[in-house]
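K.L.:
Got a structure for you, written out below as C-alpha cells; questions coming shortly.
The values are calculated or read from the model by the stated rules, or taken from the named source; none is laboratory data. Bear in mind the structure is a predicted one, so any value in this text is a computation, not a measurement. Note: ideal-geometry Cβ built from the backbone for every residue, glycine included; neighbour counts use all protein chains shown.
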Amino acid sequence: MSPALLKMYISFVGMGSMILSLFAIYLSRYKLKGFFKIATAIIAYVLMILAGLIIFFVVFSGPTSE
C-alpha cells in the first residue's frame, strides 16, 4: 500500500469520527438525560479531538511523492 493511499484512508477515519461525534453531540444535548447524556458527550468530544488531530496530521504532513 502506497503512503498516499494510507493517508487517504487515515483521513477517511478522521472524517468519519467527526461525523460520528456530530451525531453523538446532538444526541447528548437534545435526546438523552442523566448519566447517558454525560457519557455520550464525553465520548463525542474525545472523538472530535481525535478527528481534529488526525486531520491536522494529514494536512500538515505534506504531499506524498507518488
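K.L.:
If I filter the range 54-66 down to residues being loosely packed, with under 12 Cβ neighbours inside 10 Å and assigned to a loop (DSSP other than H, G, I, E, B), which single residue comes out as modelled with the lowest pLDDT?
P.N.:
Among those that are loosely packed, with under 12 Cβ neighbours inside 10 Å and assigned to a loop (DSSP other than H, G, I, E, B), it is Glu66.
K.L.:
Do you know which residues across the range 1-53 are exposed (fewer than 12 other Cβ atoms within 10 Å of the Cβ) and either of a type in the set (D, E, K, R) or not in a helix (DSSP H, G or I) (or both)?
P.N.:
Within the range 1-53, Met1, Ser2, Lys31, Lys33, Gly34 qualify.
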